[in-house]
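See structure below.
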Amino acid sequence: MARIVTVAAAQLGPIQKAEPRSVAVQRMVRLMERAHARGVQVVVFPELALTTFFPRHYHEDRAEADSWFETAMPSNETAPLFEAARKYGLSFHLGYAERTPDGGHYNTAILVNPQGEIMLKYRKVHLPGHAEYDPARKVQHLEKRYFEVGNLGFPVVRAPLGGMPVNAGLLICNDRRWPEAWRVLGLQSVELVMLGYNTPSINQDAKGFEAHHLRVLHSHLTIQAGAYQNATFAVATAKAGTEDGCELFGNSIIVNPQGEIMAEATTWGDELITADCDLDACTLGRTTIFAFDKHRRPEAYGRIIDQVGAVAPPEWQSSRAAE
Ligand code: CDT
């Protein structure tokens with residue numbers, strides 16, 4: 001019998017700085033209602049889905065930024081998401097800023113079942129941006145200021161989704177650009193990767209020219225390659241549109257294990273895209289070209305874990321010089 005899970009990327013349009021969580025949550029509940037009407041079993045919301053993408057705002061006193069963080073999940077404000085999940089029999093993925101009781105700050109994603117249980121938690125490892133105010137940038141990207149590097153590794157859980165056990169894994173935004181992150185999930189036989197993102201349409205680093213259209217290309221390239229090279233489905237959901245005057249691109253996608261885009265968002269607002277994922281489609285890749293047990297060569301991959309930055313090789317010398 002085919003193992004089909006119906007998934008949705010629930011893209012969110014912008015959430016402005018002044019908007020309370022309750023407004024975003026109501027929009028998300030409406031998307032869950034629509035997902036249910038379309039027979040969806042798993043809904044994937046974006047990274048930091050409850051508020052504006054606050055790392056663009058500088059707080060000299062970091063403690064002031066705590067107002068962007070959740071200290072409980074669920075809370076009074078997020079409870080409607082858990083109630084909708086129960087009402088509609090949906091699992092959902094949510095990205096949010098997490099503050100732990102011992103004072104840790106993480107960019108976090110969770111996978112919740114219809115009973116409201118958190119089946120998987122992941123904390124973002126690849127934090128982009130910078131820790132100090134950068135006067136050269138028109139828009140700040142202060143993830144390194146407000147978050148610690150995730151301390152949960154890249155876990156995969158085998159848990160019921162749509163009534164059958166599925167190997168599910170999570171990444172968050174910038175993680176999608178790092179093949180090491182995908183491979184750690186692949187090495188746990190992941191079948192469905194869920195990830196949310198907030199990606200500006202323009203590179204603010206101002207360290208060279210990058211054509212605007214390449215931003216979406218790079219996002220899609222990395223997700224399609226990650227899915228193909230690890231024989232997994234992937235759901236990648238954007239927060240999109242103009243938020244606090246800063247444009248984030250949309251283009252949320254659902255990708256199959258061949259790396260093909262099965263569905264893509266066409267607006268930069270609240271939008272639901274869906275796909276039926278036949279998990280048996282993961283088998284071809286993982287038993288042939290990406291049969292890791294047969295073909296991987298970890299003895300040749302030492303630099304991947306021994307080294308962080310790139311090291312150029314010594315200059316080639318002609319052996320004739322010594323003659
Ligand atoms: N949120 C997030 O990780 N955004 C980054 C932007 C990189 S530009 C500093 C991304 O990889 O999309």
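In summary, ALA238 fulfils each of the numbered conditions (1) surrounded by 24 or more Cβ atoms within 10 Å (Cβ to Cβ); (2) within 15 Å of VAL190 (Cβ to Cβ) with the single exception of condition (2).
Among the residues of the range 148-160, those that are surrounded by fewer than 19 Cβ atoms within 10 Å (Cβ to Cβ) and assigned to a loop (DSSP other than H, G, I, E, B) comprise GLU148, VAL149, ASN151, LEU152, GLY153, PRO155.
Scanning the range 100-127 for residues that are surrounded by fewer than 19 Cβ atoms within 10 Å (Cβ to Cβ) and within 17 Å of THR52 (Cα to Cα) returns no hits. Restricting attention to the range 179-193, the residues that are farther than 16 Å from ARG3 by Cβ, open to solvent by less than 30 Å² (accessible area, probe 1.4 Å) and away from the ligand (no atom under 15 Å from the Cβ) add up to 3. When the helices (runs of 4 or more DSSP H) confined to the range 282-323 are screened for residues that are closer than 15 Å to GLN229 by Cβ and in contact (Cβ under 8 Å) with a residue 40 or more places away in the chain, those reaching at least 3 such residues are found at 282-287. Of the residues screened, ASN203 is one that is part of a loop (DSSP other than H, G, I, E, B), surrounded by 14 or more Cβ atoms within 10 Å (Cβ to Cβ) and among the polar types (S, T, N, Q). Just to be sure before I move on: is GLY116 in a loop (DSSP other than H, G, I, E, B) and either on the phi > 0 side of the Ramachandran plot or of a type in the set (S, T, N, Q) (or both) in the structure I sent? When the stated conditions are applied, GLY116 passes them. If you go through the range 128-147 and keep only what is of a type outside the set (Phe, Trp, Tyr) and surrounded by 22 or more Cβ atoms within 10 Å (Cβ to Cβ), you end up with LEU142, GLU143.
Here ALA225 meets the list (1) in a helix (DSSP H, G or I); (2) in contact with a helix residue (DSSP H, G or I) (Cβ under 7 Å, 6 or more places away or on another chain); (3) open to solvent by less than 60 Å² (accessible area, probe 1.4 Å) almost entirely, failing just condition (2). Scanning the range 246-275 for residues that are more than 16 Å from LEU31 (Cβ to Cβ) and in contact (Cβ under 8 Å) with a residue 40 or more places away in the chain turns up CYS246, GLU247, LEU248, PHE249, ILE253, ILE261. Taken over the range 80-122, the criterion of being within 16 Å of the ligand (Cβ to nearest atom) and over 15 Å from the mean Cα position of the chain (by Cα) is satisfied by GLU98, HIS105. Residues that are over 19 Å from the mean Cα position of the chain (by Cα) and either away from the ligand (no atom under 16 Å from the Cβ) or buried (at least 22 other Cβ atoms within 10 Å of the Cβ) (or both) within the range 46-67 comprise HIS59, GLU60, ASP61, ARG62, ALA63, GLU64, ASP66, SER67, listed in sequence order. Residues in the range 1-13 that are within 20 Å of LEU272 (Cβ to Cβ) and touching a Cys at 6+ places or on another chain (Cβ under 9 Å) were compared, and the one that is surrounded by the most Cβ atoms within 10 Å (Cβ to Cβ) is VAL7. Screening the range 27-45 for residues that are assigned to a loop (DSSP other than H, G, I, E, B) and touching a Leu at 6+ places or on another chain (Cβ under 8 Å) and picking the one that is most open to solvent (accessible area, probe 1.4 Å) gives ARG38. Determine if the range 85-92 includes at least one residue that is aromatic (Phe, Trp, Tyr), assigned to a strand (DSSP E or B) and open to solvent by less than 30 Å² (accessible area, probe 1.4 Å). Looking for residues that are aromatic (Phe, Trp, Tyr), assigned to a strand (DSSP E or B) and open to solvent by less than 30 Å² (accessible area, probe 1.4 Å), one finds at least one in the range 85-92, hence yes.
Residues being in contact (Cβ under 8 Å) with a residue 40 or more places away in the chain, more than 16 Å from the ligand (Cβ to nearest atom) and either touching a Pro at 6+ places or on another chain (Cβ under 8 Å) or among the aliphatic types (A, V, I, L, M) (or both) are entirely absent from the range 138-149.
Mind counting the residues in the range 162-178 that are open to solvent by 10 Å² or more (accessible area, probe 1.4 Å), in contact with a helix residue (DSSP H, G or I) (Cβ under 9 Å, 6 or more places away or on another chain) and either away from the ligand (no atom under 14 Å from the Cβ) or in a loop (DSSP other than H, G, I, E, B) (or both)? Number of matching residues: 3. The set of residues in the range 253-312 being open to solvent by less than 20 Å² (accessible area, probe 1.4 Å) and among the hydrophobic types (A, V, I, L, M, F, W, C) consists of ILE253, ILE254, VAL255, ALA263, ALA265, LEU272, ILE273, ALA275, CYS277, LEU279, CYS282, ALA291.
The values are calculated or read from the model by the stated rules, or taken from the named source; none is laboratory data. Quantities reported herein were computed from a predicted structural model and do not represent experimental measurements. Positions of Cβ are generated from backbone atoms using ideal geometry, with glycine treated the same way; all protein chains shown enter the neighbour counts. Remember, those area values only see protein heavy atoms, side chains included, never the ligands or the DNA or RNA. Shrake-Rupley method; radii C 1.70, N 1.55, O 1.52, S 1.80 Å.
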